[in-house]
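Below is one structure, written out as structure tokens, with a few remarks after it.
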Amino acid sequence: MRISVISGSPKGEKSVTLQYVRFLEEAFLDHTFSVVHVGRDIRTIERQEEGWSGLLATVKECDGVLWATPVYVMLVPAQLKRFIELVGERNVTEAFFGKHAACLTTSIHFFDHTAHAYLHGVCDDLGMRYIGFCSAHMQDLENEAFQEQLIRFFSDFLEAIAERRPIQRVFPPLPAPSPPYAPKSPPAAVDTRGKRVVILHDAEPGSGQEAMVGGLAACYAGPVRVAHIRDAGMKGGCLGCCRCAFDNTCVYDDGFSAFWEEYIVPADILVMAGTVRDRFLSAAWKQFFDRSFFNGHVPAFKGKQVAYLVEGPLGHLPTLREVLSGLVMTEKANLAGIVTDEPGDPAGIDAALHALAERSVRLADREYIAPPTFPAVAGHKIFRDELWGGMRATFKADDRYYRQHGLYDFPTRNYLERISTRATSLMMCIPAVRREVVKNMPTYMIQPLQKAIESSRVLAERKTQR
Ligand SMILES: Cc1cc2nc3c(=O)[nH]c(=O)nc-3n(C[C@H](O)[C@H](O)[C@H](O)COP(=O)(O)O)c2cc1C
């Protein structure tokens, strides 16, 4: 069988993910693997006809496509995202049509599922037969049990190709875009109360996104800084080199860090506007997110109100919504809202933009950050354990931040609780005590909360006096 491997890592041969492919090559000697380094070579692929046609020929001639990619900021690297855009823009989807596909990722399992869902949706759109994914932790290949699983995964992929296994589409096709939004009613201005509002966008002139950006900016009475992310002057996508790990300094010497300092850092209210391209925002936005990795695992949006303007069918893209809201929450910011042009009703969009402006200022004023849900709680534990478990040797900047902010908050550090848990556990060995606890479990569960309820009135009064 001829397998075309589309490698998404900018690191090319030095990619961690590619070592998993090399393992498969050695394990399946009867099959041929042709690796196309789209992550490493995206610039040449984009500019030179020769590289592009050679790549397409490899895909056309293969029996199955393996997307082998690292997870970068909850998705695939911007370079691979750009390649997927090119396939659509250059109308060459027929090279992929009908082929069986699978994906193999490496990561630390932080939002790997969104990267898989994205690739699955892309495969469905290309008319491919998506078999499934294998999600490896970046060090899993050292583990024999994992190696066996990887072989099983790949055997299933090969069998699916040999059997011409029928596969149902999972992600429905996206609807046709709504007509571009044009503001209808003049906005009523919202007092920004000294909050610094920044809107970043990648709008084309005359687009619905540009109209939404203008519409939202006009909703704020105070000054609003609006900038195109092109002005960050990024020379390229994140290289995955992790040189930033030591002191949060990127290896690139371009305008990105200065842009970050100028727009992101001072913003109290940060709005990011984008247009749906395939099943995510543009590769340019993805590059912006990837490049933000120079901050390591330090929450770069901490304390900000963050909002999005999305031109395109967001309601049909739960993965995009999950990534956008996940980004905010894991950065310890608050999602003030997302407005899309999807309803196609200009007056309704005007109203939503105005409501967003009002809410963002109100929440910024109250310094409200929504309590985290599963993605941020789980993300914290993953980063904490990964850093402590080894990454801190090189991710020095993260380590410093985690120490200074008490983020190495393992439950084992709470000695008082450990003693009391041990004591309770011993008491539970006494049948009479256990009977009593079992009988009154709900009472015991709410007992520690009573003190808070008793003090709530005082707290509310103190808040209104402020
Ligand atoms: C810019 C960047 C972003 C990353 N984002 C994520 C992420 O969102 N989730 C995750 O689990 N790992 C993330 N990682 C870790 C990589 O997925 C992991 O190191 C991977 O094995 C790298 O593979 P490669 O060498 O093939 O590029 C990120 C790494 C980089 C450099």
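Kindly establish whether Glu461 is open to solvent by 60 Å² or more (accessible area, probe 1.4 Å), over 30 Å from Ala245 (Cβ atoms) and touching a helix residue (DSSP H, G or I) at 6+ places or on another chain (Cβ under 9 Å). It is false that Glu461 is open to solvent by 60 Å² or more (accessible area, probe 1.4 Å), over 30 Å from Ala245 (Cβ atoms) and touching a helix residue (DSSP H, G or I) at 6+ places or on another chain (Cβ under 9 Å).
Scanning the stretch 79-123 for residues being more than 16 Å from the ligand (Cβ to nearest atom) and under 13 Å from Arg277 (Cβ atoms) gives a total of 8.
Residues in the stretch 310-322 that are in contact (Cβ under 8 Å) with a residue 24 or more places away in the chain and under 21 Å from Gly208 (Cβ atoms): Val310, Glu311, Gly312, Pro313, Leu314, Gly315, His316, Leu317, Leu320.
Taking residues in the stretch 208-227 that are on the phi < 0 side of the Ramachandran plot, and partners anywhere that are among the aromatic types (Phe, Trp, Tyr), the pairs with Cβ atoms closer than 8 Å and at least 6 places apart or on different chains are Gly208/Tyr181; Ala211/Tyr181; Met212/Tyr181; Gly215/Tyr181; Arg225/Tyr263; Ala227/Phe259; Ala227/Tyr263. Can you find, within the stretch 378-403, the residue that is nearest to the chain's Cα centre (by Cα) among those that are of a type in the set (A, V, I, L, M) and open to solvent by less than 40 Å² (accessible area, probe 1.4 Å)? Result: Ala378. Being of a type outside the set (S, T, N, Q) and open to solvent by less than 30 Å² (accessible area, probe 1.4 Å) is the filter; apply it to the stretch 124-136 and report the residue that is farthest from the ligand (Cβ to nearest atom). Out of the qualifying residues, it is Gly127. Within the stretch 267-309, the set of residues being β-branched (Val, Ile, Thr), within 30 Å of Trp388 (Cα to Cα) and either free of Cβ contacts under 8 Å to residues at least 40 places away in the same chain or buried (at least 24 other Cβ atoms within 10 Å of the Cβ) (or both) comprises just one member, Val306.
Do you know which residues across the stretch 1-23 are among the aliphatic types (A, V, I, L, M) and out of contact with any Leu (no Cβ under 9 Å at 6 or more places or on another chain)? First the steps, then the outcome.
Looking only at the stretch 1-23, we keep the residues that are among the aliphatic types (A, V, I, L, M), and these are 1, 3, 5-6, 16, 18, 21.
Across the stretch 1-23, the qualifying residue is only Leu18.
For the stretch 365-377, a tally of residues being in contact (Cβ under 8 Å) with a residue 24 or more places away in the chain and under 24 Å from the mean Cα position of the chain (by Cα) returns 7. A single entry from Ala245, Ala221, Ala211, Ala189 fulfils the requirement of being more than 16 Å from the ligand (Cβ to nearest atom) and buried (at least 20 other Cβ atoms within 10 Å of the Cβ): Ala211.
The values are calculated or read from the model by the stated rules, or taken from the named source; none is laboratory data. Keep in mind that what you see is a predicted model, and the values were worked out from it rather than measured. Cβ coordinates were reconstructed from backbone atoms using ideal geometry, including for glycine residues, and neighbour counts include every protein chain displayed. With ligands, DNA and RNA removed, areas are computed over all heavy atoms of the protein, side chains included. Shrake-Rupley method; radii C 1.70, N 1.55, O 1.52, S 1.80 Å.
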